[in-house]
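Trainee: One structure is given below, represented as structure tokens, and several questions about it will come after.
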Amino acid sequence: MSNTAKVDAYIAEQMNKLQDNPQCANTHYNLGMGFLTKRMFKEAEEAFLKAVDCSSKLVEAYVQLGGIAMQRGDLEGCLHYNEIAAKNMPLFPVPYANMGFVYMQRGNVDEAIKAFKQAIKKDANFVQAIASLGGALYMKGDLDESEGYSKRALEIEANFGPALNNLALVELERGNHAKAREYVEQARKTGFEPPEGLLKELEAHGA
């Protein structure tokens, strides 16, 4: 059976379950995940909304709704759903990291830093949040602190491209062009493609 056929069968299974128990939040959530796998965002959104309607405490559904909102460029919606998730489950780190990402997109670096720190407080090994905090601190101009968090991320996951990219930016800002190029090449080996502006600036400095 192909992967597509497996997903279709999974979706059909969840729909059959809902016929017997239409108020089961977990089944609506599972159905949404099936639709999400097929990139059927409208259907997935409807399923997740039904899931939280059946159980407002199903925070994973709010997080998925936030992701769908982000996918269509709705930053306000993404922030809204993740705020609800954080309120309903304060110890769950993912909504805080997602809120940090939204704040970064808006250019609100101070709020992003607060959100990423909240995520890390709840999960000290949340590598994406740690690296994102490093990026936010770089944007704020706190190079030493940015470097510290980026290296902390690499201690958890040695080949985490965004953290390597952060270190390249820090070294570029310090004028260490050769070192910045080293980090860029390491990031590329992980499959991460550094931003074009960084590459052009390194080329301009002969690195």
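Trainee: Residues that are free of Cβ contacts under 8 Å to residues at least 12 places away in the same chain, at least 2 per element: which helices (runs of 4 or more DSSP H) completely within region 125-207 meet that?
Mentor: 143-156, 177-189, 196-204
Trainee: Take the residues in region 37-87 that are open to solvent by 30 Å² or more (accessible area, probe 1.4 Å) and touching a His at 6+ places or on another chain (Cβ under 7 Å), then tell me which one is farthest from Val102 (Cα to Cα).
Mentor: Looking at the filtered set, the residue picked out is Cys54.
Trainee: With more than 28 Å from Leu65 (Cβ to Cβ) and either acidic (Asp, Glu) or more than 14 Å from the chain's Cα centre (by Cα) (or both) as the only criterion, which of Asp110, Asp142 stands out?
Mentor: Asp142
Trainee: Select, from Pro90, Pro95, Pro22, the only residue that is exposed (fewer than 14 other Cβ atoms within 10 Å of the Cβ) and either under 30 Å from Leu137 (Cα atoms) or within 14 Å of the chain's Cα centre (by Cα) (or both).
Mentor: Testing whether each residue is exposed (fewer than 14 other Cβ atoms within 10 Å of the Cβ) and either under 30 Å from Leu137 (Cα atoms) or within 14 Å of the chain's Cα centre (by Cα) (or both) leaves just Pro90.
Trainee: Moving on to the next point. Anything in region 12-36 that is closer than 25 Å to Ala97 by Cβ and not hydrophobic (A, V, I, L, M, F, W, C)? List them, or say none.
Mentor: Asn26, His28, Tyr29, Asn30, Gly32, Gly34
Trainee: Separate question: Is it the case that region 132-152 has a residue that's out of contact with any Cys (no Cβ under 8 Å at 6 or more places or on another chain), surrounded by fewer than 23 Cβ atoms within 10 Å (Cβ to Cβ) and more than 22 Å from Ala112 (Cα to Cα)?
Mentor: There is no residue in region 132-152 that is out of contact with any Cys (no Cβ under 8 Å at 6 or more places or on another chain), surrounded by fewer than 23 Cβ atoms within 10 Å (Cβ to Cβ) and more than 22 Å from Ala112 (Cα to Cα).
Trainee: Oh, and also: Scan region 182-205 and tell me whether some residue there is open to solvent by 70 Å² or more (accessible area, probe 1.4 Å) and in contact with a His (Cβ under 7 Å, 6 or more places away or on another chain).
Mentor: yes
Trainee: In region 153-175, what count of residues is obtained for those that are open to solvent by less than 70 Å² (accessible area, probe 1.4 Å) and over 20 Å from the mean Cα position of the chain (by Cα)?
Mentor: 6
Trainee: Which of the residues belonging to region 1-12 are surrounded by fewer than 14 Cβ atoms within 10 Å (Cβ to Cβ) and assigned to a helix (DSSP H, G or I)?
Mentor: Asn3, Thr4, Ala5, Lys6, Ala9, Ala12
The values are calculated or read from the model by the stated rules, or taken from the named source; none is laboratory data. Only a predicted model underlies this, so the values are computations on that prediction, with no experimental measurement involved. Counting neighbours? That spans all protein chains shown, and the Cβs are built from the backbone with ideal geometry, glycine included. Side chains are part of the model used for accessible areas, which takes the heavy atoms of the whole protein and leaves out ligands, DNA and RNA. Shrake-Rupley method; radii C 1.70, N 1.55, O 1.52, S 1.80 Å.
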